[in-house]
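*Asks:* Let me begin by handing over the structure; questions about it come next.
The values are calculated or read from the model by the stated rules, or taken from the named source; none is laboratory data. These numbers were taken from a predicted model, which means no experiment stands behind them. Neighbour counts run over all protein chains shown; Cβ positions are idealised from the backbone, glycine included.
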Amino acid sequence: MAGAGKHSAEKLFIVYDGQCNLCLATVARLKELPSRAHLQFVQIQQLEQPGTASVPGIQQASTQQLYEKMHVADSNGMLYAGADGVIRVLRTVKGLGALALLYRMPGMRRIADAIYRIIAGRRYEWFGRTEQSCSVDGCEWKPPRQNNNYPEGGR
């Protein structure tokens, strides 16, 4: 099963912006990748509705902080935000764990954080925004339709 390990006791909650096209595409891709952890995807917009989605430790972050950075929570309520959250998830994804090792190199944390802040700060401008967030289980990413205005074999 994509996105969840078969024998994993570890569960990670990934809190993301359900109106961000980059975030939605990333979640869709993560669901396809094999992970040693059970990944539970929760949109920030779900947390704003009373009586929905419960994420351990999420009350430590303000709504503004949640919108500024993706947050990852483990089942013990430990929160990882921004680049730390990305690395926390990458550590569980088979084949991408080596990228997490690069993060430990001197200076890489600062560089990764800076890159994350730039992309997160411009995510709507660069990747667009959807007006409606998706279902509890996240969105299904659909590839763009092919443009049939071109003759066979060329553009």
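*Asks:* As an exercise: evaluate LEU24 against (1) assigned to a helix (DSSP H, G or I); (2) hydrophobic (A, V, I, L, M, F, W, C); (3) in contact with a Ser or Thr (Cβ under 8 Å, 6 or more places away or on another chain); (4) at pLDDT below 90 and give the number of the one condition it does not meet.
*Replies:* For LEU24, the exception is condition (4).
*Asks:* OK, next. Looking only at region 68-81, count how many residues are closer than 19 Å to ALA28 by Cα and surrounded by fewer than 19 Cβ atoms within 10 Å (Cβ to Cβ).
*Replies:* 0
*Asks:* Does ALA2 count as surrounded by fewer than 16 Cβ atoms within 10 Å (Cβ to Cβ), at pLDDT below 90, under 16 Å from the mean Cα position of the chain (by Cα) and not in a strand (DSSP E or B)?
*Replies:* In short, yes.
*Asks:* Okay, moving on. Looking at (1) charged (D, E, K, R); (2) closer than 21 Å to THR130 by Cβ; (3) more than 14 Å from the chain's Cα centre (by Cα), which is the one condition that is false for ARG36?
*Replies:* Among (1) charged (D, E, K, R); (2) closer than 21 Å to THR130 by Cβ; (3) more than 14 Å from the chain's Cα centre (by Cα), the lone unmet condition for ARG36 is (2).
*Asks:* Where in region 27-99 are the strands (runs of 3 or more DSSP E), entirely inside, with at least 3 residues that are not aliphatic (A, V, I, L, M)? If you could, list the steps in order and put the result at the bottom.
*Replies:* Details: elements: 38-43, 71-74, 79-81.
Correct list: 38-43.
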